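The values are calculated or read from the model by the stated rules, or taken from the named source; none is laboratory data. Here the structure is a predicted model, which is why all the values come from computation and not from measurement. Cβ: placed from backbone, ideal geometry, glycine included. Neighbour counts: every protein chain shown. Accessible surface areas use protein heavy atoms only, side chains included; no ligands, DNA or RNA. Shrake-Rupley method; radii C 1.70, N 1.55, O 1.52, S 1.80 Å.
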Amino acid sequence: MDEFEPKIVAFVCNWCTYAGADLTGTSRIKYAPNVRIIRFPCTGRIDFMFILKAFARGADGIIVSGCHPNDCHYTSGNFHARRRWIVFRSLLDFLGIDVRRITFSWVSAAEGAKWADLVNQTTAEIRKLGPYTSYHKISKPEEEVIYG
Ligand code: FES
C-alpha cells in the first residue's frame with residue numbers, strides 16, 4: 001500500500017517566512033514537498049475562514065508562519081495574528097478540528113533551515129495523524145451549497 005502523502009497548506013508572510021522558504025531553496029536544503037505556500041503581505045491578514053476553506057478543499061494540515069515578534073514589517077500584524085490564533089484555537093474543539101493539524105510558527109528571512117525543519121516536522125506529524133477525511137466529508141455538503 002502506498003504511504004499517505006499529506007497535503008499541507010502554508011499561509012506565510014511575504015517579508016519573513018516566504019523569504020526564509022526562498023532561502024531554503026537557494027541554499028539547496030531539501031525538505032518534504034508536501035507544502036503548498038500561499039503568500040500574504042503579513043500574517044495579520046490571516047482570516048481563520050481561510051484555514052477552514054483549506055481543510056474543506058482537501059488540506060490535511062496547515063502552517064501559519066510570519067515574522068518573529070517585533071519584526072513585523074507592519075509593526076504589529078503578527079501580534080494580531082497571534083491574538084486571532086488564541087481565539088480560534090479555543091473554538092477548534094467546537095468545530096471538531098484536531099489542533100495538531102494546525103501549526104503556528106515564526107520563521108525569519110534568515111532561517112531557511114528552520115523552514116525546512118518546520119515543514120519536515122509538520123509533514124511527519126500529519127502523516128502520523130492520517131488523511132483528514134472526517135473534515136473533508138463534513139464540509140462537503142456546505143461546499144456544494146456554496147459552489148453548486
Ligand atoms: Fe511578516 Fe507582518 S510582515 S508577520
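Observations on the model:
- Selection status of V9, of a type in the set (A, V, I, L, M, F, W, C), under 15 Å from T122 (Cβ atoms) and within 11 Å of the ligand (Cβ to nearest atom): no
- Pairing residues of region 76-88 that are closer than 17 Å to D98 by Cα and hydrophobic (A, V, I, L, M, F, W, C) with residues that are more than 8 Å from the ligand (Cβ to nearest atom) and not in a helix (DSSP H, G or I), at Cβ distances under 6 Å and at least 6 apart in sequence or on separate chains, gives W85/F104.
- Positions within region 23-48 being within 16 Å of the ligand (Cβ to nearest atom) and without any contact (Cβ under 8 Å) to a residue 40 or more places away in the chain, in sequence order: I37, I38, R39, F40, P41, C42, T43, G44, R45, I46, D47
- Qualifying residue in region 57-70 (condition: buried (at least 18 other Cβ atoms within 10 Å of the Cβ), among the aliphatic types (A, V, I, L, M) and more than 14 Å from the ligand (Cβ to nearest atom)): yes
- Note on region 63-108: among residues that are in a helix (DSSP H, G or I) and touching a strand residue (DSSP E or B) at 6+ places or on another chain (Cβ under 6 Å), the one that is farthest from A124 (Cα to Cα) is N78.
- Out of I51, I86, I97, sole residue that is of a type outside the set (D, E), away from the ligand (no atom under 15 Å from the Cβ), modelled with pLDDT under 95 and surrounded by fewer than 20 Cβ atoms within 10 Å (Cβ to Cβ): I86
- Residue tally, condition open to solvent by 10 Å² or more (accessible area, probe 1.4 Å), of a type outside the set (G, A, S) and in a helix (DSSP H, G or I), over region 1-26: 4
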